[in-house]
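The values are calculated or read from the model by the stated rules, or taken from the named source; none is laboratory data. Since we're looking at a predicted model, the values are computed, not measured. Note: ideal-geometry Cβ built from the backbone for every residue, glycine included; neighbour counts use all protein chains shown. Please note that ligands, DNA and RNA were not included when accessible areas were found on the heavy atoms of the full protein model with its side chains. Shrake-Rupley method; radii C 1.70, N 1.55, O 1.52, S 1.80 Å.
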Amino acid sequence: PIPRAGLLISAFAVGMVVGAPLLAVATLRLPRRTTLIALIGVFGIGQVAGALAPNYAVLFVSRVVSALACAGFWAVGAAVAVAMVPVHARARALAVMIGGLSIANVLGVPAGAFLGEGLGWRAAFWAVGAASAVALVGVATLIPRIPLPDERPRLRDELRIYRDRQVWLTIALIAFSAGGVFCAFSYLAPLLTDVAGLDEGWVPAVLALFGIGALIGTTVGGRIADAHLFGVLLSGIAASTVLLMTLALLAQYAVAAAALALLLGVSAFYTAPALNARLFDVAAAAPTLAAATTTAAFNLGNTGGPWIGGAAIDAGLGFASPAWAGAALTVAAGALTALSLHLHRRGTAAGTTDRTADSTADRTAGKTTGRPAN
């Protein structure tokens, strides 16, 4: 059943939630390049296991294992990306990294749907396994060796970031923002075929439109988020809310649904660099755990969103109902963003801003990369 298939998305997201902080802690003192190579290798093995899975249970476990490796890769990769640029360029650096995810949505999601329809779902897993092998070669040959810091990071020091209420507030707004979009996106295919009446052959093309929108949104958001972080967050989340509500209302019209998929990709990924940068701002003294926490927060949303959408479908509310549920989640994200902005302004008026740890972040960057931070 479609809701049970949707749980495979949630299984991957649960693995990401658990794996990001777990592997960030486990690899805190390991060489970054070696860690990235090991994690992408395990991820590829997980795809092969999924392709060979004899039953649903094995497939489910393979998704969790793959997600653990993927989470660690994103956490370490994001920490390295942030450490290699000045503080005022964090969002743009993260946008470059997230741009890889956007391109994957443009190419991988529709390609997976095409392979699944034409050659069976196992073919899609084999394709991802092959792509993982290419990525492994790329990391091994193109990522430079990053020297270990003279003073190795201490877990106790990094864990102090969780004493800050702004950190928890940012985790929540990321989770609600991501959950709202993926609540609807996870069930976009059945909405297109069963509600909009679109032929199954067109589904990959519409999914590609979402990916194209994601690439556009990441590029634009990354360029302006460093200067207007809260402006990007508020406008992007508000746009996603309006688009989700419009999708629910116009779901029976194929052209409208396709256009809204494109625009939803833009609005969702327009905020992604700002969401990432916001957590690095409030947790600047612990970049590795900040990256892991960001990954976990996004995937809390990716876990809860499909689950809520599937529950709405199981309740007999139809395939358009996840869009309504997603809009409710993004409204909550907007409220949390407004609260975070209020606390930020109050802290600024009191003479303490979120970026008081910037000098600490710069020193950490220098230690991580083995060179002075710019």
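Just give me the residues in segment 273-326 being under 14 Å from the mean Cα position of the chain (by Cα), modelled with pLDDT under 85 and either aliphatic (A, V, I, L, M) or in a loop (DSSP other than H, G, I, E, B) (or both), in sequence order.
Once the filter is applied, which keeps residues that are under 14 Å from the mean Cα position of the chain (by Cα), modelled with pLDDT under 85 and either aliphatic (A, V, I, L, M) or in a loop (DSSP other than H, G, I, E, B) (or both), segment 273-326 yields A277, L279, A290, A291, A292, A296, L300.
Mind listing just one residue for me: the one in segment 236-269 that is under 20 Å from the mean Cα position of the chain (by Cα) and β-branched (V, I, T) and, of those, nearest to V220 (Cα to Cα)?
V266
Which of the residues that make up segment 82-94 are open to solvent by 10 Å² or more (accessible area, probe 1.4 Å), under 18 Å from G231 (Cα atoms) and hydrophobic (A, V, I, L, M, F, W, C)?
The answer is A89, and nothing else.
Anything in segment 18-44 that is modelled with pLDDT of 75 or more and open to solvent by less than 30 Å² (accessible area, probe 1.4 Å)? List them, or say none.
G19, A20, A24, T27, R32, T35, L36, L39, I40, G41, G44
Go through segment 221-247 and count every residue that is open to solvent by 70 Å² or more (accessible area, probe 1.4 Å) and within 14 Å of S267 (Cβ to Cβ).
Qualifying residue count, segment 221-247: 2.
Return only the number of the condition from (1) open to solvent by less than 20 Å² (accessible area, probe 1.4 Å); (2) under 23 Å from F269 (Cβ atoms); (3) not aliphatic (A, V, I, L, M) that G129 does not satisfy.
The number of the failed condition is (2).
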